[in-house]
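> Have a look at this one before I ask anything.
The values are calculated or read from the model by the stated rules, or taken from the named source; none is laboratory data. Computed from a predicted structure; not experimentally measured. Ideal geometry is used to build each Cβ from the backbone, glycine not excepted, and the neighbour counts take in all protein chains shown.
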Amino acid sequence: MWTLAIEVRTGPQRGLFDLTDDCARFAAEAAAGGDGLLNVFVAHATAGLVVVELGSGSDADLLEALDRLLPRDDRWRHRHGSAGHGADHVVPLFAGPSLSVPVVGGRMALGTWQSIALLDPNADNGVRTVQLSFLAG
């Protein structure tokens, strides 16, 4: 199995951070033209991974929907950090810490508009580590 840890600098921004190119490069190198399974994992309690269309307003729509579902106020028992940080700890219910993507002929089998993104609603943590693994088929 091939593995690679990548560091994603999110800075003080909440949002979606595109991992597609990093994942594609890793999968192509690890697969060497073959088939297999790419696993992407983020080892953080306040971030998740999604396959989603990025751009054309989708990013803002997703964050606005998340904020409607998980308001950023003082209702949360988990209260350290910035206002509403407790909501960040509930994000894994909606965006899990891992996802898998088939790799066929050395290329990820994503749809035309699909991208792999890190969902990081936590402005308190400006650096995330994402683990990429490839298991040959």
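> Only residues that are in contact (Cβ under 8 Å) with a residue 24 or more places away in the chain, small (Gly, Ala, Ser) and surrounded by 12 or more Cβ atoms within 10 Å (Cβ to Cβ): list them for region 73-119, please.
GLY81, SER82, ALA87, ALA95, GLY96, SER98, SER100, GLY106, SER115, ALA117
> Go through (1) buried (at least 19 other Cβ atoms within 10 Å of the Cβ); (2) in a strand (DSSP E or B) one by one and return the number of the condition ASN122 breaks.
Among (1) buried (at least 19 other Cβ atoms within 10 Å of the Cβ); (2) in a strand (DSSP E or B), ASN122 violates only (2).
> Condition first: over 18 Å from GLN131 (Cβ atoms), β-branched (Val, Ile, Thr) and touching a Ser or Thr at 6+ places or on another chain (Cβ under 7 Å). Can you find one or more residues in region 17-31 that meet it?
No.
> Considering each residue of region 10-38, count those that are in contact with a Gly (Cβ under 8 Å, 6 or more places away or on another chain) and at pLDDT 95 or above, and give that number.
Number satisfying all stated conditions: 10.
> Give me the pairs, please: first residue somewhere in region 1-18 and touching a residue at least 12 places away in the same chain (Cβ under 8 Å) and under 11 Å from VAL127 (Cα atoms), second residue anywhere and outside any strand (DSSP E or B) and of a type in the set (A, V, I, L, M), beta-carbon distance under 6 Å, and either six or more positions apart or on two chains.
Correct list of pairs: PRO12/ALA123.
> Next question, about the same structure. Using the structure shown, decide if GLY57 is without any contact (Cβ under 8 Å) to a residue 12 or more places away in the chain and surrounded by 16 or more Cβ atoms within 10 Å (Cβ to Cβ).
Taking the combined requirement at face value, the residue does not satisfy it.
> How many of the residues in region 20-47 are surrounded by fewer than 21 Cβ atoms within 10 Å (Cβ to Cβ) and under 19 Å from ALA95 (Cα atoms)?
Qualifying residue count, region 20-47: 6.
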